[in-house]
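First the structure, in the form of structure tokens, and then the observations on it.
The values are calculated or read from the model by the stated rules, or taken from the named source; none is laboratory data. No experiment lies behind these values; they were computed from the predicted model shown. Note: ideal-geometry Cβ built from the backbone for every residue, glycine included; neighbour counts use all protein chains shown.
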Amino acid sequence: VFDRNSDGLIDRKEFKLCWNNWIKTIVKPVSALVLVDVQNDFISGTLDVRNCPAGHNGEEIIKPINRLLDSVRFDAVFYSLDWHPIDHVSFIDNVLHRPLHESSPVAANEAKVFDTVVFDGDPPMYQKLWPKHCVQNSWGAELHKDLKVAEDGIKIYKGTNPEVDSYSVFWDNMKLTDTKLDAQLKSRNITDVYLCGLAYDVCVGSTAADSISSGYRTILIEDCTRGVDLLSIEQTKQSIIKSHGIVTNSSDVADMV
Ligand code: VGL
Ligand code: ZN
């Protein structure tokens, strides 16, 4: 419902606002594909998702992603890379190097992979412990060799601060620093963000949540993602749907873009 001026015409400022923020996203969608952490360590390296509770095989997403890149013309393609320094807070190997908060449910000398501890700090910080993975410039941090890299693909590095983990491709887990993905999307007038990659219930799920709350129409391509834990995968899916994201398959994407 628009305000009218004395001539009965729609107020220009309000119309402009609606046009840019609402109408344009419907009549002229601008799409970005964000490929989350399609890196060796999650597929056949130190954090191989096959060794996680869900027992998924990360390699299975490579072909459908490549097919998508061949068949659909996205306006921009982003590749995120989990890119940790060797002393990163998420590595179980480093759990003894930082003091835990008294509320930590697990003691440092008893902590196992996949346990969650609480590190001391202001505020105290929950952290799930992972095997050492995606160390900067290592083989494990490279994109899978068969993944097509679009000529004008844009790389986004995350998890580079040794003290804070970063699941989302938008923000670190404490929301201290952003990766500039949002600025890159905004500068290209992106309205629709399509998500693929690893892992469904960790980095892809966090990225989807931030994408939705940043105002992008957000579409998770389910056959192009694999996860860590079946229960949290289902919870991730339900929470995306509940917050008006879309969960679909790659075969349906060609008709949407
Ligand atoms: C991821 C665990 C730790 C991911 C990154 O990319 O999903 N998972 N770091
Ligand atoms: Zn990581």
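Some observations on this one:
- Answer residue from region 180-200, given it is in a loop (DSSP other than H, G, I, E, B) and in contact with a Ser or Thr (Cβ under 9 Å, 6 or more places away or on another chain) and is surrounded by the most Cβ atoms within 10 Å (Cβ to Cβ) among those: Ala199
- For the residues Val38, Val95, the requirement of being surrounded by 14 or more Cβ atoms within 10 Å (Cβ to Cβ), within 16 Å of ligand 2 (Cβ to nearest atom), farther than 28 Å from Lys180 by Cα and modelled with pLDDT of 95 or more singles out Val95.
- Applying a threshold of 8 Å to beta carbon distances and a minimum spacing of six or more residues, or different chains, the list of pairs starting in region 140-159 at a residue that is closer than 14 Å to Gly197 by Cβ and ending at one that is part of a loop (DSSP other than H, G, I, E, B) and of a type in the set (Val, Ile, Thr) reads Leu143/Val38; Leu143/Val149; His144/Val38; Leu147/Val38; Ile156/Val169; Ile156/Thr179; Lys158/Val169; Lys158/Thr179.
- Complete set of residues in region 161-179 that are assigned to a strand (DSSP E or B) and within 15 Å of ligand 1 (Cβ to nearest atom): Trp171
- Exactly one residue among Asp93, Asp41, Asp87, Asp70 is more than 18 Å from Glu222 (Cβ to Cβ) and in a loop (DSSP other than H, G, I, E, B), and that residue is Asp87.
- Top-ranked residue in region 78-88 [being under 16 Å from Cys203 (Cα atoms) and not hydroxyl-bearing (Ser, Thr, Tyr); ranked as surrounded by the most Cβ atoms within 10 Å (Cβ to Cβ)]: Asp82
- Looking across Val164, Val193, one residue alone is touching an Asp or Glu at 6+ places or on another chain (Cβ under 7 Å) and at negative phi. It is Val164.
- When region 44-62 is filtered for residues that are without any contact (Cβ under 8 Å) to a residue 40 or more places away in the chain, in a loop (DSSP other than H, G, I, E, B) and under 14 Å from Asp229 (Cβ atoms), only Gly55 remains.
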